[in-house]
Amino acid sequence: MSTTDTQAPILNPFSQTFFHGTKADLKIGDLIETGFNSNFVDRQLKHIYLSATLNAATWGAELAAGDGRERIYLVEATGPLEDDPNVTDKKFPGNPTMSYRSTHPFKVVGEVTVWQKHSPEQIKAMKDGLEMLKQQGIMVIEE
């Protein structure tokens, strides 16, 4: 091994951790891609979403449609990210949830197996609020 080999930078895949909450059953190496129904609305979206905060991913897992087990995956972006306009400056000034979206796949690199769920009361309140927005025609995901 040459000196230059030992001095080469070591790639650090966890320099920025991203999470994706869902009920989909995925494996390490799988890609999360567009073209599937959204976790929150009954249609396909042009973007896929992730967060750099575990709390936002927890909400994603808890509110996701379907009957599967709630899961939070560690994911790696394979292309550029942009702020999620559905929360940035619309619901929260700035981007405190550190929520992003992309048209490029996310690669599953791990799974968070131990995480704190929100209380049943918090989940019910959030679901009731989302249902009210849906009834009022306000539950719109900006694409």
As an exercise: evaluate residue 80 against (1) farther than 17 Å from residue 24 by Cβ; (2) surrounded by 15 or more Cβ atoms within 10 Å (Cβ to Cβ) and give the number of the one condition it does not meet.
(2)
Considering only the stretch 89-113, how many residues are at pLDDT below 90 and β-branched (Val, Ile, Thr)?
1
Under the condition of being among the charged types (D, E, K, R) and in contact (Cβ under 8 Å) with a residue 12 or more places away in the chain, which residue from the stretch 92-132 is surrounded by the most Cβ atoms within 10 Å (Cβ to Cβ)?
101
Of residues in the stretch 42-55 being assigned to a loop (DSSP other than H, G, I, E, B) and over 14 Å from the mean Cα position of the chain (by Cα), the one nearest to residue 130 (Cα to Cα)
42
Of all residues in the stretch 14-33, count the ones that are part of a loop (DSSP other than H, G, I, E, B) and at pLDDT 90 or above.
9
State whether the residues of the stretch 56-71 include one that is buried (at least 20 other Cβ atoms within 10 Å of the Cβ) and outside any helix (DSSP H, G or I).
yes
Lone unmet requirement of (1) out of contact with any helix residue (DSSP H, G or I) (no Cβ under 8 Å at 6 or more places or on another chain); (2) hydrophobic (A, V, I, L, M, F, W, C); (3) modelled with pLDDT of 90 or more; (4) within 17 Å of residue 107 (Cβ to Cβ) for residue 11
(3)
Residue among 86, 39 that alone is crowded, with 19+ Cβ neighbours inside 10 Å, part of a loop (DSSP other than H, G, I, E, B) and either aliphatic (A, V, I, L, M) or modelled with pLDDT under 95 (or both):
39
Residues of the stretch 92-118 that turn out to be part of a strand (DSSP E or B) and either within 16 Å of the chain's Cα centre (by Cα) or of a type in the set (Asp, Glu) (or both), as a count:
11
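The values are calculated or read from the model by the stated rules, or taken from the named source; none is laboratory data. All of these numbers come straight from a predicted model, not from anything done at the bench. Note: ideal-geometry Cβ built from the backbone for every residue, glycine included; neighbour counts use all protein chains shown.
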